[in-house]
Amino acid sequence: MSEPLSFTGERFLPTCSGEIWLEHWHRYAFASQYASGLRVLDVACGEGYGSHLLAQQGAEMVVGVDISPAAACHAGSRYGDRASFIVGSCAVLPFPDQSFDRVVSFETIEHISAEDQERMLAEIRRVLKPGGLFILSSPNKKTYSDDRQYHNEFHLKELYRDELDSLLSPYFPATRWLGQKLVFNSVIWPDEGELGNCTDWLQAGETGIERMESFPAEAMYFLVFCGQNQMALPAKETETSLLLDSADVVYRDYEKSIRQTLHLDTLLLERERLIVERDRQLEMRTTQLLERENMIAERDALLDLRTAQMTEQEGLIEARDGLLILRAEQIDVLNRLTAENEVHLEELKQALSNRSSWRWWIKHALGLVR
């Protein structure tokens with residue numbers, strides 16, 4: 001048993017749900033009514049679910065071909081009891097000429113380059129028997145991408161209707177075009193017996209209803225019957241098809257989306273409330289910051305004033321220190337002069353003392369002193 005394939009967005013898997021499930025299964029279910037008892041080739045079969053459905057609905061033989069070895073291996077392991085699967089490119093099909101009564105290829109052509117699109121159609125015409133039918137689907141670039149402003153990263157060359165028509169006409173001169181689109185409808189059916197004929201109604205304005213003569217919406221996908229002549233194309237009365245979502249998967253997805261949207265709206269309202277509260281707090285914080293800046297400015301002004309006062313005081317102190325140094329020098333000079341004067345006084349005193357002694361001796365010698 002092969003490993004399960006992972007959904008990457010490039011290749012549909014039966015495990016997918018919702019709109020994509022309905023679109024892909026409906027194509028194969030629609031094509032199966034043209035495959036009963038015939039040899040069918042499924043080009044770009046992917047996971048293999050479609051090839052299996054074609055075989056299950058009565059095709060004599062179904063061969064699925066895919067460029068992915070992993071996909072072909074998985075398909076063979078899972079559906080090999082009813083169909084066969086091989087690895088191959090849609091631009092170089094590994095089959096003899098005129099090997100198949102029917103060829104189907106759904107959502108393939110947009111995944112390859114313009115050059116390979118030409119090669120693919122040439123190869124399909126080669127392996128298709130005369131009078132055989134090729135059923136192709138391709139997204140309508142106008143509604144799929146342009147109107148929705150959507151880009152599918154896996155699509156190399158999407159086509160408008162006129163482009164697809166020009167591409168098909170050299171290989172398949174006879175074509176009949178159908179459209180596919182997922183729409184929501186109200187269905188009324190008999191509770192017992194056959195379904196009977198279908199009467200189609202269409203909403204007309206806000207309050208009116210009218211019979212629907214043609215489908216009112218533009219196709220999201222083109223579904224094209226391709227043949228070498230008109231005889232190869234099927235009868236028109238079997239072309240309208242409906243695949244019902246019996247499990248209401250799309251409605252559940254829609255309701256889930258509505259709930260998510262309501263939840264998101266609640267979150268957005270809460271986010272707006274938080275933003276308003278944040279803005280209020282920011283405004284309050286801004287006011288506080290402005291007040292703080294004013295206080296800082298006032299403090300800086302006081303600091304500047306105090307600095308100027310300190311500078312002035314330092315100047316006064318420096319001047320005072322200068323005066324003190326000068327005064328100290330003057331005191332040193334005075335002390336030195338005082339010391340010198342004291343020495344002179346001592347000398348003078350000594351001299352006076354000596355002078356008094358000599359005067360006495362002189363007087364004594366003269367007999368003036370007894």
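From the Cα gyration tensor of the stretch 1-72, with a ≥ b ≥ c the square roots of its eigenvalues, which class applies: rounded if a/c is under 1.5, or else prolate if a/b is larger than b/c, or else oblate? Since a/c reaches 1.5 but b/c is at least a/b, the shape of the stretch 1-72 is classed as oblate.
For the chain, the spread of Cα positions along the three principal axes, ordered from largest to smallest, is 191, 57, 42 Å. With each label modelled as a point 7 angstrom along the Cα→C-beta vector, the residue 242-residue 348 pair spans 14.9 nm. Is the stretch 27-111 best put as rounded, prolate or oblate by its Cα gyration tensor, with a ≥ b ≥ c the root eigenvalues, rounded for a/c under 1.5, and otherwise prolate when a/b is larger than b/c, oblate when not? Rounded. For residue 38, the residues 5 or more places off, or on other chains, whose built amide H falls under 5 Å of its own are 60, 61.
If you plug the beta carbon distance of residue 327 and residue 302 into 1/(1 + (r/R0)^6) with R0 = 35 Å, you get a FRET efficiency near 0.45. Please work out the FRET efficiency for the pair residue 233 and residue 119, using the Cβ-Cβ distance as r and a Förster radius of 35 Å; give the result to the nearest 0.05. Calculated value: 0.90. Simple point charges give the picture: +1 on the Cβ of Lys and Arg, -1 on the Cβ of Asp and Glu, and for the stretch 23-86 a dipole about the Cα centre of about 80 debye. Taking each DSSP H run with n ≥ 4 as -39500 (n - 2.57) and averaging over every residue of the chain yields -16500 deg cm²/dmol at 222 nm.
For the stretch 1-143, the square roots a ≥ b ≥ c of the C-alpha gyration tensor eigenvalues yield an a/c under 1.5, which makes the shape rounded. Model label points for residue 154 and residue 166, set 7 angstrom from Cα along the Cα-to-Cβ axis, are 2.8 nm apart. Note on the stretch 285-363: Cα-Cα pairs beyond 15 Å make up 77% of the total pair count.
The ratio of the alpha-carbon radius of gyration of the stretch 83-180 to the globular-protein estimate 2.2 N^0.38 Å is 1.11. Can you list the aspartates and glutamates whose alpha carbon sits under 16 Å from that of residue 349, skipping same-chain ones fewer than 8 residues off? Within the straight-line limit of under 16 Å, residue 349 reaches these aspartates and glutamates: 340. Of all beta bridges that DSSP places with both ends in the chain, some 50 percent have antiparallel geometry.
Please give the direction-averaged projected area of the C-alpha convex hull for the stretch 265-331, in square nanometres with one decimal. Result: 5.8 nm².
All of the numbers you see were taken from the coordinates with simple rules; none came from a lab. Keep in mind it's a predicted model, so treat the numbers as computed, not measured. As a convention, Cβ positions derive from the backbone with ideal geometry for all residues, glycine included, and neighbour counts pool all protein chains shown.
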